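The values are calculated or read from the model by the stated rules, or taken from the named source; none is laboratory data. Note that the coordinates shown come from a computational prediction; the quantities given were computed from them, not determined experimentally. Here the Cβ positions follow ideal geometry from the backbone for every residue, glycine too, while neighbour counts run over all protein chains shown. What goes into the accessible areas is simple: the full protein's heavy atoms, side chains included, and nothing from ligands, DNA or RNA. Shrake-Rupley method; radii C 1.70, N 1.55, O 1.52, S 1.80 Å.
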Amino acid sequence: MPPWSEDLKGDLREHVITSEALLGNPLGDPHERPLWVYTPPGYGTHTRYPTIYVIQGYCGTIAMWRNRTPFRRTLPELIDALFARDDVAPALVVYVDAWTGYGGSQYLDSAAIGDYHTYLCEEIVTWVDEHYPTIAHRDSRAITGKSSGGYGSMVTAMLRPDLFGGFATHAGDALFDTSYVSVFPQLTRRLRDEFGGSYEAFLEYFRNCEVPLQHRLDELLIEVYGYSAAYSSDPDGTVHVPFDPKTGRLIPEIWDRWLEWDPVRMAAERAEALRSMRAIWIDAGRYDEFYLDHAAAAFHQAVTDAGVSPQRVYFELFDGTHGGIEYRYPQAIEYLTHHLVTENPQ
């Protein structure tokens, strides 16, 4: 097999945008952010293009899309190969940066992290529509991601059906009772054994240690704190973790706030938004370490219960785990492009 290189038939254009929504955010993270826009081969031969937004999983940075696994293509190369085919309608693909000091934001507005939902929906979408020949209509716009990016895709589409007419979720965070709760006992042991049962002591260590994430559980510890900042922070930015770090006992009033953001539970309240989608892709590896295969199945059932036409939904549990599934992303993008409107809607 030859070594792959980023010799694209299309073009990956790199920009920096200035965000008013992120200016002065609580973590002091940059408000100037990179944004990549992929234009397909033959760009310019169409007057307007549908647009697909790609958002990342937790602890993902935009530069990581170029990380190369031996003998495998990067995502930009996989997407370029997809649009080089004659049977795939051309589209613009937008790679979004949403890194934070906690590693992510779940693409929500949070007093503890910043307004990343506003940043995505009001600023990035607007900027792309103003600077590229998009079909600026929800029926020609979709969003896709994996893990926390899959969560962001589900929630963003449900919250903003005026902007997005389709979405794809690969092993997206959902069914919190199973996927999140399963890690809390492990984190409690780490906090108990090394930090006196104190999340604050862990955060102090994390901020000041020379090499972060050396322990296998530390990434999960900062993730869960980031989730707490997204799901259960107060208007003054105070973050509430949903379990007692000394005992692991769930704190019902905090856990209930998390459950309000569970896509499986949100689906019933957002049934009309889901029914309006032109295309929904749901998948996960059947051996996902975080049981997000169960989450995918539960969300699929919730989408079905919401009355979404089966002709507009693709669901699959494939042989795989949580990692190494980048080859699935172009499959979902192809599915979305087949269902998006490729002419200016009347």
*Length gain on complete extension for the stretch R13 to R275, per 0.36 nm per residue less the alpha carbon to alpha carbon distance?*
90.9 nm
*With axes computed from alpha carbons, what is the tilt in degrees of helix 199-208 against the longest principal axis of the chain, rounded to the nearest 10 within 0 to 90?*
60
*Specify whether the C-alpha gyration tensor of the stretch 244-346 places it in the rounded, prolate or oblate class, a ≥ b ≥ c being the square roots of the eigenvalues: rounded for a/c under 1.5, otherwise prolate if a/b is larger than b/c and oblate if not.*
oblate
*Starting at the first residue of the stretch 99-109, write each ³J(HN,Hα) from the Karplus equation 6.51 cos²θ - 1.76 cosθ + 1.60 with θ = phi - 60°, in whole Hz, x for Gly and Pro.*
4, 9, x, 9, x, x, 9, 6, 6, 10, 7
_Amide H of I17 versus every other amide H placed in the peptide plane: which residues, excluding those fewer than 5 positions away on the same chain, fall under 5 Å?_
R33, L35
_Stretch gain in nm, segment E343-R216, where the contour uses 0.36 nm per residue and the Cα spacing is subtracted_ = 40.9 nm
*asked:* Checking a compactness column here: for the stretch 36-173, what do you get for Rg(Cα) / (2.2 N^0.38 Å), N being the number of residues?
replied: 1.03
*Between A168 and residues 5 or more places away or on another chain, which pairs have amide H atoms under 5 Å apart, with H built 1.01 Å from N, and which residues are they?*
I143, T144, G145, W281
*Could you go through the stretch 187-198 in sequence order and give the Karplus-derived ³J(HN,Hα) for each residue, using 6.51 cos²θ - 1.76 cosθ + 1.60 with θ = phi - 60°, rounded to whole Hz, and x for Gly and Pro?*
5, 4, 4, 4, 5, 5, 6, 10, 10, x, x, 10
*Taking the Cα centre of the stretch 24-152 as the origin, how large is its charge dipole in debye, to the nearest 20, when only Lys and Arg (+1) and Asp and Glu (-1) carry charge on their Cβ atoms?*
520
_Just to be sure I understand the curve: with the Debye formula and one point per C-alpha of the stretch 256-305, what is log10 I(q)/I(0) at q = 0.19 Å⁻¹?_
-0.67
*By the gyration tensor of its Cα atoms, with a ≥ b ≥ c the square roots of the eigenvalues, what is the shape of the stretch 1-68: rounded for a/c under 1.5, prolate for a/b over b/c, or oblate?*
oblate
*In debye, nearest 20, what is the charge dipole magnitude of the chain about its Cα centre with +1 on Lys and Arg Cβ and -1 on Asp and Glu Cβ, if you could check?*
660
*Can you tell which of T169, F243, T61 lies farthest toward the positive end of the dipole of the chain, using +1 and -1 charges on the Cβ of basic and acidic side chains (Lys, Arg; Asp, Glu)?*
T169
_Prolate/oblate/rounded label for the stretch 50-131 (Cα gyration tensor, a/c 1.5)_ = oblate
_If you restrict to DSSP beta bridges whose two residues both lie in the chain, what percentage is antiparallel, to the nearest 5?_
40
*asked:* Please report the carbon-and-sulfur percent of the accessible area for the stretch 92-248; probe 1.4 Å, protein heavy atoms only, DNA, RNA and ligands left out.
replied: 47
*D193 to E260: extension gain in nm, 0.36 nm per residue of separation minus the Cα-Cα distance?*
21.0 nm
*Can you run phi through the Karplus equation (6.51, -1.76, 1.60; θ = phi - 60°) for the stretch 286-300 and list ³J(HN,Hα) in whole Hz, with x for Gly and Pro?*
6, 10, 4, 5, 9, 6, 7, 5, 5, 4, 4, 5, 5, 5, 4
*How far is helix 148-159 tilted, in degrees, relative to the longest principal axis of the Cα atoms in the chain, given as a value from 0 to 90 rounded to the nearest 10?*
70
*Take the chain, compute every pairwise Cα distance, and split them into 10 Å bins from 0; I just need the percent in each bin.*
5, 25, 35, 25, 9, 1, 0
*Against the longest alpha carbon principal axis of the chain, how many degrees, from 0 to 90 and to the nearest 10, is the axis of helix 218-231 turned?*
80
*Cα→Cβ-extended label distance, 7 Å offset, between R249 and F318, nm*: 4.4
*Rank W127, V96, T74 by how far each Cα sits towards the positive end of the charge dipole of the stretch 1-145 (+1 on Lys, Arg Cβ; -1 on Asp, Glu Cβ) and give me just the farthest.*
T74
